[in-house]
Amino acid sequence: MQTIKVNQVDWQVEIRESSEDTGPVLLLVHGFPLDHRMWRHQLDAFENTTIVAPDLAGFGGSRLPKSPFSMESLADDLAAVLDTLEMKQSVVFCGLSMGGYIGWQFWRRHRERLAAMICCDTRAAADAPEVARGREMMAARVRSEGSAFVASGMIPKLFAARAIADATAEVQTTTTVIEGTKPEAIAQGQLAISTRADATAWLSEIHLPTLLVVGAEDQITTPEEMRGMARQMPKGRLIQIENAGHMAPLEQPAEFNQAVRAFLAEL
Ligand code: MLT
């Protein structure tokens, strides 16, 4: 893990630098309220590919910025991470769920850097008003009660039913990650997600090769919703992963990595 200064804030970034690499850098952007460890099965899976997997501001080992973050500010921070690391090659932006919301903003604000996108278990639509209200309530509650209730509420929605029933190592580790996430990062994350822009109208303008990946049992961003997104993206292709929920890269890494490897080889 490296600590780097990004817009005056200390970020922790996991890096795998390939000396033989001439292709794009693979930027792995985690979901909410997690950190880079959700990519642990991907970090060493792609030979000859440079990988950058940060903990977003406030999450994991990265510090919270002084002012509240947004999907826009996190997209700008990620561009600054690549600048600080002097990575000049083009980027394959791979984001899961909230990571995907940041990906739409990265495309809007830094599209000249992009070679392709991988959108995992994510959506383009903004929150309905009642969903946004629920997030405001969670933000208030986590500030007074701490992060544990967030873990117990979210975990059943993140994984496939079988993984929950078996309380797999991935379920247990993810529970520990959420319980360890700073309450203020969770509060700010919920508020930032609740006010994010609707990216639906942008989908038809994204002329980049795009791999969309969804777990067949994803209850948060469903296969049906992601199929609709793929249809709107000129170069979008959807892969559905069986026996996986919202955390497809963590739940079924062999299938996920194979899909990404084939996608990267085609670029
Ligand atoms: C995530 O996995 O990043 C969250 O489910 C995003 C969300 O709450 O919309």
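Since every read-out is calculated from the coordinates, none of them should be taken as a lab result. Since the model is a prediction, treat every value here as computed from it, not as a measurement. Virtual Cβ from ideal backbone geometry, glycine too; neighbours counted across all protein chains shown.
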21 Å Cα-Cα reach of residue 88 towards lysines, excluding residues that sit fewer than 8 places from it in its own chain: 5
The chain: antiparallel DSSP beta bridges as a percent of all, rounded to 5: 30 percent
Sparse-neighbourhood loop sites, trypsin sites (Lys or Arg not before Pro) in region 48-100 - DSSP loop, at most 12 other Cβ within 10 angstrom: 66, 88
Formal net charge of residues neighbouring residue 220 (Cβ-Cβ distance under 11 Å; K, R +1; D, E -1): -2
Computed over region 51-129: relative contact order in percent, which uses C-alpha pairs under 8 Å that are six or more apart: 27 percent
Test item: Cα-centred dipole of the chain, Lys/Arg +1 and Asp/Glu -1 on Cβ, debye: 540 debye
Isotropic mean projected area of the C-alpha convex hull, region 24-133 (nm²): 7.4 nm²
Cβ charges +1 (Lys, Arg) and -1 (Asp, Glu), total dipole of region 203-267, debye: 300 debye
For the chain, calculated [θ]222 nm from helices alone, where every DSSP H run of n ≥ 4 adds -39500 (n - 2.57): -13000 deg cm²/dmol
Most positive-pole-ward Cα, 189, 226, 147, against dipole of the chain from beta carbon charges: 189
For region 58-188, average projected area of the Cα convex hull in nm²: 9.4 nm²
Contour minus Cα-Cα distance for residue 145 and residue 198 (0.36 nm per residue): 16.0 nm
Selected from 201, 216, 245, residue furthest toward positive end of dipole (the chain; charges at beta carbon): 201
Semi-axis lengths (Å, descending) of the ellipsoid that matches the C-alpha gyration tensor of the chain: 25, 22, 19
Cα gyration tensor shape for region 183-260, rounded if a/c is under 1.5, else prolate or oblate: oblate
The chain, relative contact order [Cα under 8 Å, separation at least 6], %: 20 percent
Isotropic mean projected area of the C-alpha convex hull, region 1-78 (nm²): 5.2 nm²
Förster-model FRET efficiency, 22 Å R0, residue 131 and residue 173, C-beta, rounded to 0.05: 0.20
D (Stokes-Einstein, µm²/s), Kirkwood Cα radius, region 120-267, 0.890 mPa s at 25 °C: 148 µm²/s
